[in-house]
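In what follows, a single structure is set out as structure tokens and then discussed.
The values are calculated or read from the model by the stated rules, or taken from the named source; none is laboratory data. Quick caveat, the model's predicted, so the values are computed rather than measured. Quick reminder, even Gly has a Cβ in these numbers, built from the backbone with ideal geometry, and neighbours come from all protein chains shown.
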Amino acid sequence: MPKKILDSLIGIQMSRTMLSMKRYLIAEFEASQSPLSFEDWMNLLPLVENGSMSHRDLAHVLGKDKTTISRLVSQWIEKGYVKTEHDTEDQRIKHLTLSKEGKKLHNSLNSVVQKADRGFLKGLEQSEFDLFKKVLTKIQGSLETKKIPSATH
């Protein structure tokens, strides 16, 4: 496809933007010399927001398969970021929670993400940002009505 057509496709534009933002954040995390990578910071967000989740729920939220989640969780446990507890009603189910060290480390990097966010939005008026959020919300709503296959199945 010619470049002009690619540039007119919203999915391509969003993909390119997200990739650039992700690369920037990865570099900022590396510069902070944190033992927690940007990828791990992102993958731990559901635990920060929900407090406790099963492996299955985390896999669903992150859109990752069970094998990938098991590998991530094993690494996080080894590094001391998360701990697991068996469900009181069903011992087969393990719930994940952030450890004190995991919470402390995750929270310590919030400023890195917030600083990057301010940089991403530099030059935008508040009204432009509000419109941008509104458009993104509409696109997300439109996608929620589609039958998008899950990576967890």
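Quick one: in segment 99-153, which of the residues that are in a helix (DSSP H, G or I) and basic (Lys, Arg) is nearest to Leu72 (Cα to Cα)? So the residue we want is Lys103. A search for C-beta distances below 6 Å between a residue of segment 114-134 that is touching a residue at least 40 places away in the same chain (Cβ under 8 Å) and any residue that is surrounded by 10 or more Cβ atoms within 10 Å (Cβ to Cβ), counting only pairs 6+ apart in sequence or on different chains, returns Ala116/Leu25; Ala116/Glu28.
Which of the residues spanning segment 71-98 are assigned to a helix (DSSP H, G or I) and surrounded by 13 or more Cβ atoms within 10 Å (Cβ to Cβ)? Reasoning before the result, please.
Taking segment 71-98 as the starting set, the residues that turn out to be assigned to a helix (DSSP H, G or I) are 71-79.
Those that are assigned to a helix (DSSP H, G or I) and surrounded by 13 or more Cβ atoms within 10 Å (Cβ to Cβ): Leu72, Val73, Trp76, Ile77, Lys79.
Of all residues in segment 9-33, those that are in a helix (DSSP H, G or I), surrounded by 11 or more Cβ atoms within 10 Å (Cβ to Cβ) and of a type outside the set (Lys, Arg) total 14. Taken over segment 50-67, the criterion of being surrounded by 13 or more Cβ atoms within 10 Å (Cβ to Cβ) and either without any contact (Cβ under 8 Å) to a residue 40 or more places away in the chain or not assigned by TED's automatic domain parsing to the domain that holds His95 (or both) is satisfied by Asn50, Asp57, Leu58, Val61, Leu62.
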